[in-house]
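A short write-up of the structure that comes next.
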Amino acid sequence: MLSVQIFGLKNSQATRAAERFFKERRMTIHFVDLKQKPMSPGEIRRFIERFTMSGIVDSEGKAWADAV
């Protein structure tokens, strides 16, 4: 059986949608609540190396616009 690790926030609609997506496909989910355990610099670096910065950042989202 395949498993997936989800980094997100418990109250996030996008996180709940991702959980639902994988549950419907009967995949094992390992959830990491970023409020409880933020990602380490090494984890962030590995994500960027694997998916590129543009692949992990929603530059058209409200959070990005608010931060810029």
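Ordering Met39, Ser59, Phe22 by the projection of their Cα atoms onto the charge dipole of the range 22-68, which places +1 on the Cβ of Lys and Arg and -1 on the Cβ of Asp and Glu, puts Phe22 at the extreme positive end. From its DSSP helices (H runs of at least four residues, each -39,500 (n - 2.57)), the chain gives a residue-normalised ellipticity at 222 nm of -13000 deg cm²/dmol. With the simple spin-label model, which puts each label point 7 Å out from Cα in the Cβ direction, the Glu24 to Asp66 separation comes to 2.8 nm. Less than 14 Å Cβ to Cβ from Met39, Lys/Arg counted +1 and Asp/Glu -1: what total charge do the surrounding residues give? Neighbour charge sum, excluding Met39 itself: +2. When the alpha carbon coordinates of the chain are projected onto the principal axes, the ranges are 39, 25, 23 Å, largest first.
Distance between the 7 Å Cα→Cβ label points at Gln36 and Ile56: 2.1 nm. Annotation: amide H-H contacts under 5 Å for Ile6 (H modelled 1.01 Å from N, sequence separation of 5 or more, or interchain): His30, Phe31, Val32. Taking the C-alpha atoms only, the angle from helix 41-51 to the longest principal axis of the chain is near 80 degrees.
None of the figures in this text is laboratory data; all of them are computed from the coordinates on show. Worth saying up front: this structure is predicted, and the values here are computed from it rather than measured. Heads up, the Cβs are rebuilt from the backbone with ideal geometry, glycines too, and the neighbour counts pull from every protein chain shown.
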